[in-house]
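Asks: Would you mind keeping the following structure in view while I ask a few things?
The values are calculated or read from the model by the stated rules, or taken from the named source; none is laboratory data. All values reported here derive from a predicted model rather than from experimental measurement. Neighbour counts run over all protein chains shown; Cβ positions are idealised from the backbone, glycine included. Ligands, DNA and RNA are stripped out before the accessible areas are found, and what is left, the full protein with its side chains, is counted by its heavy atoms. Shrake-Rupley method; radii C 1.70, N 1.55, O 1.52, S 1.80 Å.
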Amino acid sequence: MSSSDRSHAVDVQDSKTYEVRTYGCQMNVHDSERLSGLLEGAGYVRAPEGSDGDADVVVFNTCAVRENADNKLYGNLGRLAPMKTKRPGMQIAVGGCLAQKDRDTIVKKAPWVDVVFGTHNIGKLPVLLERARVQEEAQIEIAESLEAFPSTLPTRRESAYAAWVSISVGCNNTCTFCIVPALRGKEKDRRTGDILAEIEALVGEGVSEITLLGQNVNAYGSDIGDREAFGKLLRACGRIEGLERVRFTSPHPRDFTDDVIAAMAETPNVMPQLHMPMQSGSDTVLKAMRRSYRQDRFLGIIEKVRASIPHAAITTDIIVGFPGETEEDFEQTMHAVREARFSAAFTFQYSKRPGTPAATMEGQIPKEVVQARYERLVALQEEISWDENKKQVGRTLELMVAEGEGRKDGATHRLSGRAPDNRLVHFTKPDQDVRPGDVVTVEITYAAPHHLLAEGAVLDVRRTRAGDAWEKRDAARAAKPAGVMLGLPKIGAPEPLPVMTGSGCGSD
């Protein structure tokens, strides 16, 4: 072994490990990629999969919009307390929305926590950890306003072919069920030039799909008074050579203007997919939620999108059992779902969020009533999703090959990918090598409610720069000692909107 090899071996052995646990919305996922990048920049290496707290630093990136989010956090912290006692030097940090909300409470309830930081100052984590180590006392630092956009910080992304790009943070809406504006602050837009520069840099590294991210993404431009800024941004993305797919989440119906629909329809790399949170189909409930649109306005947007983009897949969020919701109100939601014919809906049973106006409203609905309505809605949407997916049978689609999205792919000898409209498709594994990020052309042969199958032979395989980037990253990972991932050029993949059991930030 050479002297340089011996030195590297010592460095690997001496490196401290970290683990980041993420809860909540897409913004938190994006923030966690930055937290990982900051820690790796400070010399930490990611702990092996399945470490379950057996790391030198464990970071909880929390969510405050779920029912019992605090109980879940303190339960997890409690399980780490004995591990920390047995492991001198171990540190625990808590960040995110719950940290922003509870501040000093966390250290009072869990005095073994070393660092508490908020949503506005994630860039301070390495400094706070070092300060806690030197001073041997907990460091609590909650900034009241944004210090740096998440996308300007170092990153450790989870995919080589797709990435989140933050275009704004915060929210100016006052929905009565949502605590996000109080924790993330008022909307602050990022400069268009900075956004496009980041996208171009990502494409240069091999990324071929980006998702524009914001709490209320299509309100972009409110800082400068340009109501058409988001549509202009979409069109600008269309001019970036090598960028094959552009998505965005989550828009608000209030700000969804005709120029955005036109930009989607006229920009080839903007995908025919729209996630548009409806929340309720009842005008009465929408008013109580302080949602600034009504059923007719919402369905009118859906109609315009389908007229301009006939094959668009439209998904939504719906809350069942909001305080005061009557059976007639719920039937209005069912009517709207039948009219809109969403390809999928993320349905939530209303639960109180401490600190929100809705938590103290009269007319809280009994759990059994909410459950019954929820089951009826899910059954209806399942039927519609299946019918809409059946319309895909016989279509020839280009899929971007995905990594880790087909849990049964090994047993079925299939691979998985995403269609332009973001539907998940499992396809027959071709004879030639196919990598995540490559593009295959297939014919859809079968539809299930939540996925499609292409059971015939793959019609075409297009090797891409994104596939090259994945292959390079995979080779770099394999060449390093087990468990060491310091400095890998991970380019993050926004996963498809997950099926959730409570309304998250991204749905507000």
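Asks: Mind listing just one residue for me: the one in the range 271-292 that is among the hydrophobic types (A, V, I, L, M, F, W, C) and open to solvent by 10 Å² or more (accessible area, probe 1.4 Å) and, of those, farthest from MET361 (Cα to Cα)?
Replies: Residue satisfying both the conditions and the ranking: MET271.
Asks: Could you please let me know if PRO366 is open to solvent by 30 Å² or more (accessible area, probe 1.4 Å), modelled with pLDDT of 95 or more and under 30 Å from THR174 (Cβ atoms)?
Replies: Yes: the conditions hold for PRO366.
Asks: Right, something else. Hey, could you check the range 44-86 for residues that are within 24 Å of LYS124 (Cα to Cα) and charged (D, E, K, R) and say which is most open to solvent (accessible area, probe 1.4 Å)?
Replies: The extreme case among them is ASP54.
Asks: Hey, another quick one. Going through VAL94, VAL113 one at a time, which residue ends up being in contact with a Phe, Trp or Tyr (Cβ under 6 Å, 6 or more places away or on another chain), open to solvent by less than 10 Å² (accessible area, probe 1.4 Å) and at pLDDT 90 or above? Don't jump to the end; show me each part of the working.
Replies: Details: VAL113 fails: in contact with a Phe, Trp or Tyr (Cβ under 6 Å, 6 or more places away or on another chain).
The match here is VAL94.
Asks: If you check every pair at least six apart or on different chains, which have Cβ atoms under 9 Å apart with a residue in the range 230-256 that is closer than 13 Å to VAL217 by Cβ and open to solvent by 40 Å² or more (accessible area, probe 1.4 Å) first and a residue that is part of a loop (DSSP other than H, G, I, E, B) and among the charged types (D, E, K, R) second?
Replies: Hits for this filter: ARG254/ARG291.
Asks: Scan the range 293-318 residue by residue and report those that are open to solvent by 10 Å² or more (accessible area, probe 1.4 Å) and touching a residue at least 40 places away in the same chain (Cβ under 8 Å).
Replies: Once the filter is applied, which keeps residues that are open to solvent by 10 Å² or more (accessible area, probe 1.4 Å) and touching a residue at least 40 places away in the same chain (Cβ under 8 Å), the range 293-318 yields GLN295, ARG297, LEU299, LYS304, SER308, ILE309, HIS311, ALA312, THR315.
Asks: Out of curiosity, is ALA182 open to solvent by 40 Å² or more (accessible area, probe 1.4 Å) and hydrophobic (A, V, I, L, M, F, W, C)?
Replies: Numbers: open to solvent by 40 Å² or more (accessible area, probe 1.4 Å): yes; hydrophobic (A, V, I, L, M, F, W, C): yes.
Considered against the rule, which asks whether it is open to solvent by 40 Å² or more (accessible area, probe 1.4 Å) and hydrophobic (A, V, I, L, M, F, W, C), ALA182 comes out as yes.
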